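J.: After the structure tokens below, expect a handful of questions from me.
The values are calculated or read from the model by the stated rules, or taken from the named source; none is laboratory data. This one's a predicted model, so the numbers in the text were calculated from it and none came from an experiment. No Cβ is skipped: glycine too gets one built from the backbone with ideal geometry, and neighbour counts run over all protein chains shown.
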Amino acid sequence: NAGVTQTPKFRVLKTGQSMTLLCAQDMNHEYMYWYRQDPGMGLRLIHYSVGEGTTAKGEVPDGYNVSRLKKQNFLLGLESAAPSQTSVYFCASSYSRSPLHFGNGTRLTVT
Amino acid sequence: GQQVMQIPQYQHVQEGEDFTTYCNSSTTLSNIQWYKQRPGGHPVFLIQLVKSGEVKKQKRLTFQFGEAKKNSSLHITATQTTDVGTYFCAGTSGSRLTFGEGTQLTVNP
């Protein structure tokens, strides 16, 4: 019973490099989300998706892109990483507006 | 836009003392959710409140939703070391769910 799985768990990038974070859920949830968590700032929504093939911007979308080609997967891309993107990234999923199920997080450092 | 503010940001207590965190929204909420995040972990859903004035209990935890549906509180009676972590509220207004900044609780044994 995996729930929400994020890969990788840790990553170090140099400024300007690109990477993709993968989120997979096995609960058949329609909604998926990407959040970033920074000290003292809680969880801020980057992008979200209400179904396969759809994505929408959250509070802090700049510098990120997402894709939801399959219902169970939600990818977060950084095309040109910046030090300001150093953070812990959490993926979450839910049925409609029901409570969120979070993954274990990805700790990203950009040097 | 919608804002959800949570106080205090930090709380240190001795084991056995009570603890309360408060959540205030700038807009009326359709529901409020509470999550707990253990150090190094991910947020885990605790409870959802929907009705005006609603009170729910989970063992030593008591959750309240204000009459105006703009504020909420979480109260822990007789804290234990297992209560350590950050407690987040998250309020839904329209189609948007907004998290508070969280209250980090430490418990001294």
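J.: Filtering region A:15-28 down to residues that are more than 13 Å from every other protein chain (Cβ to nearest Cβ) and surrounded by 21 or more Cβ atoms within 10 Å (Cβ to Cβ), which residue is nearest to B:Gln9 (Cα to Cα)?
T.: A:Leu21
Here is a yes/no grid of residues against (1) of a type outside the set (A, V, I, L, M); (2) at pLDDT below 95; (3) in contact with a strand residue (DSSP E or B) (Cβ under 8 Å, 6 or more places away or on another chain):
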position	(1), (2), (3)
B:Ser26	yes, yes, yes
B:Ser52	yes, no, yes
B:Lys56	yes, no, yes
B:Leu74	no, no, yes
B:Thr92	yes, yes, yes
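J.: Can you find a residue that is in contact with a helix residue (DSSP H, G or I) (Cβ under 7 Å, 6 or more places away or on another chain), more than 12 Å from chain A (Cβ to nearest Cβ) and outside any strand (DSSP E or B) anywhere in region B:5-17? Talk me through it step by step, then tell me what you get.
T.: First, the residues of region B:5-17 that are in contact with a helix residue (DSSP H, G or I) (Cβ under 7 Å, 6 or more places away or on another chain): B:15.
Subsequent filtering for residues that are more than 12 Å from chain A (Cβ to nearest Cβ) retains B:15.
Subsequent filtering for residues that are outside any strand (DSSP E or B) retains B:15.
Yes: region B:5-17 contains one or more residues that are in contact with a helix residue (DSSP H, G or I) (Cβ under 7 Å, 6 or more places away or on another chain), more than 12 Å from chain A (Cβ to nearest Cβ) and outside any strand (DSSP E or B).
J.: A further question follows. Out of the residues in region B:48-86 that are of a type in the set (Val, Ile, Thr) and surrounded by 19 or more Cβ atoms within 10 Å (Cβ to Cβ), which is farthest from B:Gly100 (Cα to Cα)?
T.: Here is the first cut: in region B:48-86, the residues of a type in the set (Val, Ile, Thr) are B:50, B:55, B:62, B:76-77, B:79, B:81-82, B:84, B:86.
If we keep only those that are surrounded by 19 or more Cβ atoms within 10 Å (Cβ to Cβ) as well, we get B:76, B:79, B:86.
On the way: B:Ile76: 18, B:Thr79: 22, B:Thr86: 11 Å.
Result: B:Thr79.
J.: Which one of the conditions (1) exposed (fewer than 15 other Cβ atoms within 10 Å of the Cβ); (2) more than 30 Å from B:Gln11 (Cα to Cα); (3) among the polar types (S, T, N, Q) does A:Thr55 fail to meet, given that it meets all the rest?
T.: For A:Thr55, the exception is condition (1).
J.: Next question, about the same structure. Within region B:2-44, restricting attention to residues that are free of Cβ contacts under 8 Å to residues at least 24 places away in the same chain and surrounded by fewer than 18 Cβ atoms within 10 Å (Cβ to Cβ), which residue is nearest to the chain's Cα centre (by Cα)? Spell out the reasoning first.
T.: Quick first cut of region B:2-44, residues free of Cβ contacts under 8 Å to residues at least 24 places away in the same chain only: B:40, B:42, B:44.
Narrowing further to those that are surrounded by fewer than 18 Cβ atoms within 10 Å (Cβ to Cβ): B:40, B:44.
Values: B:Gly40: 19, B:Val44: 12 Å.
Going through the qualifying residues, I end up with B:Val44.
J.: Of all residues in region A:39-52, count the ones that are exposed (fewer than 13 other Cβ atoms within 10 Å of the Cβ) and not in a strand (DSSP E or B).
T.: Residues flagged as exposed (fewer than 13 other Cβ atoms within 10 Å of the Cβ) and not in a strand (DSSP E or B) within region A:39-52 amount to 2.
J.: Under the condition of being touching a Lys or Arg at 6+ places or on another chain (Cβ under 7 Å) and part of a strand (DSSP E or B), which residue from region A:53-64 is farthest from A:Phe102 (Cα to Cα)?
T.: If we take residues in region A:53-64 being touching a Lys or Arg at 6+ places or on another chain (Cβ under 7 Å) and part of a strand (DSSP E or B), then A:Thr54 is farthest from A:Phe102 (Cα to Cα).
J.: Go through (1) without any contact (Cβ under 8 Å) to a residue 60 or more places away in the chain; (2) of a type outside the set (S, T, N, Q); (3) surrounded by 13 or more Cβ atoms within 10 Å (Cβ to Cβ) for A:Leu78 and report which single condition fails.
T.: (1)
J.: Answer yes or no as to whether A:Val50 is among the β-branched types (Val, Ile, Thr) and either in contact with a Lys or Arg (Cβ under 6 Å, 6 or more places away or on another chain) or within 11 Å of another protein chain (Cβ to nearest Cβ) (or both). Step through it out loud before you land on a result.
T.: On the way: among the β-branched types (Val, Ile, Thr): yes; either in contact with a Lys or Arg (Cβ under 6 Å, 6 or more places away or on another chain) or within 11 Å of another protein chain (Cβ to nearest Cβ) (or both): yes.
The answer is yes for A:Val50.
J.: Has region A:67-90 got any residue that is within 30 Å of B:Gly94 (Cβ to Cβ), in a strand (DSSP E or B) and in contact with a helix residue (DSSP H, G or I) (Cβ under 8 Å, 6 or more places away or on another chain)? Before you say what the answer is, go through the steps one by one.
T.: Applying the first criterion (within 30 Å of B:Gly94 (Cβ to Cβ)) to region A:67-90 yields A:67-78, A:84-85, A:87-90.
Next, only the ones that are in a strand (DSSP E or B) stay: A:67, A:73-78, A:87-90.
From what's left, in contact with a helix residue (DSSP H, G or I) (Cβ under 8 Å, 6 or more places away or on another chain): A:78.
Among the residues of region A:67-90, at least one is within 30 Å of B:Gly94 (Cβ to Cβ), in a strand (DSSP E or B) and in contact with a helix residue (DSSP H, G or I) (Cβ under 8 Å, 6 or more places away or on another chain), which makes the answer yes.
J.: Name every residue in region B:41-52 that is assigned to a loop (DSSP other than H, G, I, E, B) and either aliphatic (A, V, I, L, M) or within 9 Å of chain A (Cβ to nearest Cβ) (or both), in order of residue number.
T.: Narrowing region B:41-52 to residues assigned to a loop (DSSP other than H, G, I, E, B): B:41-43, B:50-52.
Once the filter is applied, which keeps residues that are assigned to a loop (DSSP other than H, G, I, E, B) and either aliphatic (A, V, I, L, M) or within 9 Å of chain A (Cβ to nearest Cβ) (or both), region B:41-52 yields B:Gly41, B:His42, B:Pro43, B:Val50.
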